[in-house]
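Notes to accompany the following structure.
The values are calculated or read from the model by the stated rules, or taken from the named source; none is laboratory data. Just so it is clear, the model here is predicted, and its values are computed rather than measured. With ideal geometry, Cβ positions are generated from the backbone for all residues, glycine too; neighbour counts draw on all protein chains shown. Note: accessible area is taken over every heavy atom of the protein model, side chains too, but ligands, DNA and RNA are not part of it. Shrake-Rupley method; radii C 1.70, N 1.55, O 1.52, S 1.80 Å.
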Amino acid sequence: QVQLVESGGGLVQAGGSLRLSCAASGRTFSSAVMGWFRQAPGKEREFVVAINWRGDTSYADSVKGRFTISRDNAKSTVNLQMNSLKPEDTAVYYCAAGMGPLIATITSAFSSWGQGTQVTVSS
């Protein structure tokens, strides 16, 4: 099991940038698939991006070209750089960890979740 703590959320104007970080603890981080999901008020949690142990990635169409995920296995961290933010990106963002090696995009494939961090993009 992996324990996850997110940080870096906040309020930003449309067109701005934010960087989210997820610190992980546990022996299985280096082999885990790491993902970011988000949940807006009144909506279901949705997939944003995921990365496996060797750096393969999968992005939701809505964030391609604007968001970039990276991981540092030595530091047990995963980061999400979010550029060109839009009001529709407003949500609570969750870091998640799942068993590898294949990248998954559904919530049920991820067994560990952080507490979430709020991202608000004003127009």
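Checking each residue in the range 1-49 for being at pLDDT 95 or above, among the charged types (D, E, K, R) and open to solvent by 60 Å² or more (accessible area, probe 1.4 Å) picks out 19, 43, 44, 45, 46. Contact map, the range 27-46: residues that are closer than 16 Å to residue 72 by Cβ paired with residues that are open to solvent by 20 Å² or more (accessible area, probe 1.4 Å) and among the basic types (Lys, Arg), Cβ distance under 7 Å, separation 6+ or inter-chain. Pairs shown: 34/71. Contact annotation: residue pairs with Cβ atoms under 8 Å, 6 or more positions apart or on different chains, pairing a residue in the range 104-121 that is farther than 16 Å from residue 91 by Cβ with a partner that is at pLDDT 90 or above and among the aromatic types (Phe, Trp, Tyr), are 104/110; 105/47; 106/47; 110/37. Could you tell me whether any residue of the range 71-79 is touching a Gly at 6+ places or on another chain (Cβ under 7 Å) and hydrophobic (A, V, I, L, M, F, W, C)? Looking through the range 71-79, none of the residues is touching a Gly at 6+ places or on another chain (Cβ under 7 Å) and hydrophobic (A, V, I, L, M, F, W, C). So, in the range 92-123, of the ones that are surrounded by fewer than 17 Cβ atoms within 10 Å (Cβ to Cβ) and part of a strand (DSSP E or B), which residue ends up nearest to the chain's Cα centre (by Cα)? Out of the qualifying residues, it is 118. State yes or no: is residue 88 more than 11 Å from the chain's Cα centre (by Cα), surrounded by fewer than 16 Cβ atoms within 10 Å (Cβ to Cβ), at pLDDT 95 or above and in a loop (DSSP other than H, G, I, E, B)? In short, no.
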